[in-house]
Amino acid sequence: MREPIERLEGLLRKEALQIIRDPSALAIAFLLPAMLLVIFGYGVTLDPHRVPLAVVVEQPDAVAQSFVAQLGGTPYFTPVHFNTIQAADRAFDAREVSGIVWLRANFTRQLASEGAAPIGVIVNGVDANTARLIQGYLQQVWATWLAARSRERGLPQGLPVAVEPRVRFNSAVSSRDYLVPGLIAIVMTLTGALLTALVIAREWERGTLEALMVTRATIREILLAKLLPYFVLGMGGMVATLVLAVTLFGVPFRGSLLVLTGASALFLLAALGMGLLISSVARNQFVAGQIAIIVTFLPAFILSGFVFDIGSMPWAIRLLTHIVAARYFVAILQSLFLAGDVWSVILPNALALGIMALVFLGAARLGARKRLD
Amino acid sequence: MPAESELPPALRLEGVSHAFTSRGRTAAALDGITARAERGAVTGVIGPDGAGKTTLMRLAAGLLQLRSGRIEVLGIDVARNPDDARSRIGYMPQRFGLYEDLTVRENLDLYAKVQNVPRAGREARDGELLHMTGLAPFLSRLAGRLSGGMKQKLGLACTLVRVPEVLLLDEPTVGVDPVSRRELWEIVDHLVRTERMAVVLSTSYLDEAERCRSVLLLHEGRLVGATDPASFAAQVSGRSFHVSAAGTGKRQLQERLARTPGVVDATIQGAFVRVVTESGGQLSAAELSPQATPLTIVPVPPRFEDSFVALLKSSSPATASPGQAIARGETPEENGSRGTPSPPETTGSAGNEPVIFADRLTRRFGSFIAVDAVSFAVRRGEIFGLLGANGAGKSTTFRMLCGLLPPSDGTLRVAGYDLRRAAASARGRIGYMAQKFSLYGDLSVLENLRFFASAYRLLEPHRGARIAWALEEFGLGPHADAVSRELPLGFKQRLALACALMHEPEILFLDEPTSGVDPLARREFWRRINALAESGVTVLVTTHFMEEAEYCDRLAVLAQGKVLAAGDPESLKARARTAERPQPTMEDAFIALLEAASRPRAA
Amino acid sequence: MWRAVLALIVKELLAVLKDPKSRMVLIVPPLIQLIVFGYAATFDLNRVPIAIYDQDHSEASRDLVAQFLGSRIFERVATLQSARRITPLIDARKVDLVLSIDRRFTRDLLTHQPAPVQLIVDGRDSNTALIILGYANSIITDFSLDWMQAHGERPVPAVLDVRARYNPTLSSQWFIVPGIVAVLTQVVTLLVVGLSVARERETGTFDQLLVTPYRQGEILLGKGLPGLLIGGIEASVIILAAVLWFGVPLRGALFPLYLGLLLFVASVIGIGLMISSIAVTQQQALLGAFLFMVPSIMLSGFATPIANMPPLIQDLTWLNPMRHFLIVVRGVFLEGAASGTFLPEYAAMAGIAGTSLFAAGWLFRRRVY
């Protein structure tokens, strides 16, 4: 028993030294994750705020002003005033404003007489998602304005149905709180699959693996010595992302660390298995890098529910997402950060991760032989 | 060792064949090899690149699946019990896989642990290995920063941390300077002597064969010979001669001798032409020289290579002499009719401007001085060699001359220009053939030729004529549409030369032009270069092959960025002449120079 | 001179197209990305699983539920009898929304009290939550207005009359697919140009090229123009796929689109050549290209609007050629805008292209020698 441990220790020490001395390993393990974290923590958000809206009030009076005041009172909009609809249209075409709110000259008159005076709203539909969110915000502004108006006049209500929205887990509906946890899956994919595939491919390229194969080290030890350091590196990436997410970006973490550690370990094993498999197919760094980006990195980004809702994808693509390990991990992550230890989410997804880890690692082990062909 | 002969041999191969399939094409790497390697001796596996040496070594180490035949190491069937076999062998792959970002010590430690070397004996073993390889002063240096020779020695030390019974070394001396090469061989001999180790060593250097107890000769996947080197060389005994003629250039003489019936091989060796005849018996001057030029013929002892070339020529006459057109068309008769033009090596008149000229050429990379005040001059029609080990500064010098790298100091002139500053069109006067025959591997032969013809701005109809010339002259016609990556090495070399000559340059730069190619291809290549030089093309060649150095008119020997010596091959060899070595080889001369250079610094 | 440069371009194209590795880079990833982005990268919602907790069991409440299910957006997966099941359903992500109609719903409607309807949404995916709320709100508003009309009540004083210009159905695909033109053109051009010099360095042919009578400008041209050609072809294929396969309207003219494409590809070529002149091996070039590509796609407005970013990062995106080209390509596709409206974008891309090409030339000279 002492001998295998000694061999493993030698291999592990070598791997650790290499990681420390190799700039490209450092770039993938630390620089890229840090970049992603900064981009997602500070830069990327789906939530519109202070959207510039052109406001055209053809007959400025108290009623019209009260609506405009309501618009400007929210954090969502920045009203920009125009005197004519033509001027507003020009600004719209020049993409200076994202929408137009148009109160025609007869607005107040119609409002007072028959009611249902139209508030013209034009949104730029090019960015459909933002357009939809702007619509939603406008509707809120409108409903609030109606209710306030009714109250002022002692009327019973604005609209007969009162909506009470309750957003569970993320009451501020901040997209950062939803995106940053998923980032852990991306970061772990980078170290687990991309970096592992690259370093093993490098050993093939440089002939170091060939030299190791003729030593007493068994293939299991050689694989294990690859898995362990990158496992530690990946878990380190997870911890670093977690700490930064909670301290720097104020993302809540409501689950238990133990569950997070367990789920991360399972996902990382699956990712490492993929990395090993890729490197056994492509024995040079260039091809291994390409394959790893296409089969692990991109799916983790697009097909995992990290940004885009899986339920709304066409069925063929939904089916495809089932073989993306990141999908299960992202589901667990989002629940752990925002909801807590929701076992009904954690257990099935963890089971799926476990199966994937087993399949990938098993396939990698079966495919690995102490031979070159 | 009374029982040794009854024990199973170190390595036994029986009917071993192996083929590789790539892109749907199958290429045989080994074809029915039956051979054995004895215990306690060095067995050389010898052949040019692509002969199947590496495949054989990998099969013996159990790294490739054996498809047909049987391989035994010390009586153990490698295919059936690869782990058993591997526990008794040491294997050093070609370009030993060192971890370049680990230090010498860390590499050794890794292998000691992976091989479970008992802690007790390690200190002593490490000390012994470090002493043997001379790596002790470099323990904390990164392996990637070692010279080629030191890397190989470190690789060998890593293989030897646990004493194997059979040591497999795949081309351990490639890219290694002669001193390190000699040291590597000393280590190997030492192991065989003191540890009774069986060593199987592959190499493409024929001169190394003579150091082996027995040799396995591989050519295109077939075993063409398995004997001891002395008796192999003896097959041509009495058929090798040094020929020289007063008043005739050695290249003209060689050209003439090569085409004489009955001559198997004629190569330039310094001032002589080495001739191997088809049949034994005394070579008569009259037979060789109908024009009655007075010839001096001295019988010399046969070399291993003489025999190998004779064997290859007799087994594959088809590849013997394709494309002798340059020679026939341009050289001998023409020169003959011009009377006796003074051979280039004696033209030294003051009015003759040197074509390539370097004066105190220096190149620094940070604090490291790669080339240190190198000066030389090359005249028109001369073949000039830069001889040195990897890292001696010859590639840096070469790149500066070609305009690929600016010198830090000093002046240089090529055809009157500094190519880096001169107009781009000035580069049209030089031809360049890079190490490893850099061609566009995915392009076909014809596409490569067309590209270089356009790159050198040849215009129709001249362009078409030159492409046709290249296809015809280099025997590339049948391969015109072949993907150049998949060409055999010899053809790659021809294509590279064809591309470099497309625009009929005045000056030809050759970087390690024949490394790895088989001896016949090498001879054919030098025949062309000789013919070019005879027609007035100036040739500058870098090499670490002693044999290539022999072809040069003059040489500059480089070490650590400095010119150690310059002169013609004979005078360099003469410097190394001692009582115990009356006939020094180029390698002896080189090593003597290196030793002389390092002595004052060491003291 | 042109013959020689042409030969260089032909050689470059042959080298890219004949090498199976490079061919794979040109064909497989773009195809996969086109399909995956085109179909999977959508913010549109459909078949959102919801649970109905109707405590009123009245005609009015059934009406409201019917309006929810009548839209293609929501799909009922559970009908609840007690409030206890709400939390487990949401927690387990079985439903994204629970529509809870209060016991007093009809009574309050008739007595002019605010009739309470609760919308309980899973906020873990905040964007989906917001969109679900938006949809639900507009359904309930429509219900309110209908109810008021049906019961002869005085209409509300003012109503929103919303129209989405350029994309009336607010389809995400119309937004994403033109964006893919930009993303894939960048990926392919960057890889072709960024790796070409590194590949030649690795095989040693680069030295061979430098000793021929080519001038540096000619070599740069010979490396850049194939990128322009391949990038242009790749973009055209995706533009065709966008129109013919995904059915995205191409409302504007081709001239402003291709003018933008030209400037965009020129900028990417400049950046690719910069990477190329720094990287020694193909692996380094690949890593460099990757390190550039990830932030440049994230911060381009491809999926997340630039306007939502903090001001500092918004300023930074001006350096990103893709940001400008996305405006052009979406503007031409959906808005049918003419070249006049893209002057700032053209100017910015021309600036980036000029600077990066110049920098590449400078780096090239420094690295080569």
Report the Cα centroid-to-centroid distance between the stretch B:92-144 and the stretch B:353-417 in angstrom, as an integer.
36 Å
DSSP loop (so not H, G, I, E, B), at most 16 other Cβ within 10 Å: list which trypsin sites (Lys or Arg not before Pro) in the stretch B:127-164 pass both filters.
B:Arg141
With springs connecting C-alpha atoms under 10 Å apart, model chain A as a Gaussian network and identify which of A:Ile100, A:Ile355, A:Ile186 has the largest mean-square fluctuation.
A:Ile100
Ignoring ligands, DNA and RNA, please state the percent of accessible area on the stretch C:43-173 from carbon and sulfur, probe 1.4 Å.
48 percent
Any of B:Lys394/B:Lys492; B:Lys250/B:Lys562; B:Lys313/B:Lys573; B:Lys492/C:Lys11; A:Lys14/A:Lys226 with alpha carbons more than 20 Å apart? Name them for me.
B:Lys394/B:Lys492; B:Lys250/B:Lys562; B:Lys313/B:Lys573
Within 10 Å of the Cβ of an average residue in C:212-224, the count of other chain Cβ atoms is 3
Taking the alpha-carbon centre of each part, the distance from the stretch C:154-193 to the stretch A:73-145 in Å is 19 Å
Those residues of the stretch B:103-136 for which accessible area with every protein chain present is at least 10 Å² below the isolated value (1.4 Å probe)
B:Glu106, B:Leu110, B:Tyr111, B:Lys113, B:Val114, B:Gln115, B:Asn116, B:Val117, B:Arg119
Please report the relative contact order for chain C, taking Cα pairs under 8 Å with a sequence separation of at least 6, and give it as a percent rounded to a whole number.
18 percent
Table column - 3J(HN,Hα) (Hz), the stretch C:255-261, Karplus curve with 6.51, -1.76, 1.60, x for Gly and Pro:
4, x, 5, 6, 5, x, 4
Angle, helix C:126-150 long axis vs. longest principal axis of chain C, Cα atoms, 0 to 90°, nearest 10?
40 degrees
Given unit charges at Cβ for Lys, Arg (+) and Asp, Glu (-), the dipole magnitude of the stretch A:59-141 about its Cα centre in debye, nearest 20, is 40 debye
Loop-only check: which GluC sites (Glu not before Pro) in the stretch A:4-109 are DSSP coil with at most 14 other Cβ within 10 angstrom?
A:Glu58, A:Glu96
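Under a point-charge model restricted to the Cβ atoms of Lys and Arg (+1) and Asp and Glu (-1), what is the dipole moment magnitude of the stretch B:346-567 relative to its Cα centre, in debye to the nearest 20?
580 debye
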With +1 on each Lys and Arg Cβ and -1 on each Asp and Glu Cβ, and nothing else charged, work out how big the dipole of the protein assembly as shown is about its Cα centre, in Debye to the nearest 20.
740 debye
In terms of modelled amide H atoms, which long-range or inter-chain residues lie less than 5 Å from the amide H of C:Ala164?
A:Val123
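Which whole-number value in Å² is the accessible area per residue of chain A, probe 1.4 Å?
Spelled out: the 1.4 Å probe surface of chain A, per residue, equals 37 Å².
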How long is chain A along each principal axis, judged by its Cα atoms, biggest number first, in Å?
94, 42, 39
At a 1.4 Å probe radius, carbon and sulfur cover how many percent of the accessible area of chain B?
51 percent
Under the Karplus curve 6.51 cos²θ - 1.76 cosθ + 1.60, θ = phi - 60°, whole-Hz ³J(HN,Hα) for the stretch C:290-304, x wherever Gly or Pro sits:
5, 5, 7, 5, 4, x, 5, 6, 4, 9, 10, x, 5, 10, 10
Asked for the total accessible area buried by A and C (1.4 Å probe, Å², nearest 100), one would answer 9100 Å²
Relative contact order of the stretch C:273-369 (C-alpha contacts under 8 Å, at least 6 apart) in percent is 36 percent
Hey, for a label at C:Val280 modelled as a point 7 Å past Cα toward Cβ, could you say which residues of the stretch C:191-226 have their backbone N under 12 Å away?
C:202
DSSP loop (so not H, G, I, E, B), at most 14 other Cβ within 10 Å: list which trypsin sites (Lys or Arg not before Pro) in the stretch C:207-292 pass both filters.
C:Arg251
What does the convex hull of the Cα atoms come to per residue for chain B, in Å³?
178 Å³
Determine the distance separating the Cα centre of the stretch A:280-303 from the Cα centre of the stretch A:307-337; give it in Å without decimals.
19 Å
Charge dipole of the protein assembly as shown built from unit charges on the beta carbon (Lys, Arg +1; Asp, Glu -1), centred at mean Cα; most positive-end Cα among B:Pro261, C:Leu225, B:Gly69 is C:Leu225
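For peptide C:193-204, how many partner chain Cβ atoms fall within 10 Å of a residue's Cβ, on average?
Mean inter-chain Cβ contacts per residue within 10 Å come to 2.
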Around B:Val45, which amide H atoms from residues at least 5 apart in sequence, or from another chain, sit under 5 Å from its own amide H, with H modelled in the peptide plane?
B:Leu201, B:Ser202, B:Thr203, B:Leu216
Taking 7 Å along the Cα-to-C-beta vector as the label spot, tell me the A:Thr261-A:Ile20 distance in nanometres, rounded to one decimal.
2.5 nm
In degrees rounded to 10, the 0-90 angle between helix A:2-21 Cα long axis and the longest Cα principal axis of chain A is 50 degrees
Springs between alpha-carbon pairs under 10 angstrom, Gaussian network model over chain A: which of A:Ala282, A:Ala185, A:Ala143 fluctuates most?
A:Ala143
Checking the a/c ratio against 1.5 first, then a/b against b/c, what shape does the Cα gyration tensor give for the stretch B:1-119?
oblate
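Under the rule a/c < 1.5 gives rounded, and otherwise a/b versus b/c splits prolate from oblate, where does the stretch A:51-152 land using the Cα gyration tensor?
The shape class here is oblate.
Based on Cα coordinates alone, diagonalise the gyration tensor for the protein assembly as shown, multiply each eigenvalue by 5, take square roots, and list the semi-axes in whole Å, largest first.
75, 37, 24
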Determine the shielding of peptide C:301-307 by partner chains: average, over its residues, the number of Cβ atoms on other chains within 10 angstrom of each Cβ.
6
Modelled FRET efficiency - R0 45 Å, C:Thr111 with C:Trp318, Cβ distances, 0.05 increments:
0.20
Interface call, the stretch A:146-167: threshold 50 Å², probe 1.4 Å, accessible heavy-atom surface of protein chains, chain by itself vs complex, result A:Gln157, A:Leu159, A:Pro160, A:Val161, A:Ala162, A:Val163, A:Glu164, A:Arg166
Normalised contact order of chain B, rounded percent, pairs of Cα under 8 Å and 6 or more residues apart
13 percent
Give the angle, between 0 and 90 degrees and rounded to the nearest 10, that separates the Cα long axis of helix A:257-281 from the longest principal axis of the Cα atoms of chain A.
60 degrees
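The values are calculated or read from the model by the stated rules, or taken from the named source; none is laboratory data. Since the model is a prediction, treat every value here as computed from it, not as a measurement. All Cβ positions, even for glycine, are placed from backbone atoms using ideal geometry, and neighbour counts span all protein chains on display. Just so you know, the surface numbers come from the protein's heavy atoms only, side chains and all, with ligands and any DNA or RNA stripped out. Shrake-Rupley method; radii C 1.70, N 1.55, O 1.52, S 1.80 Å.
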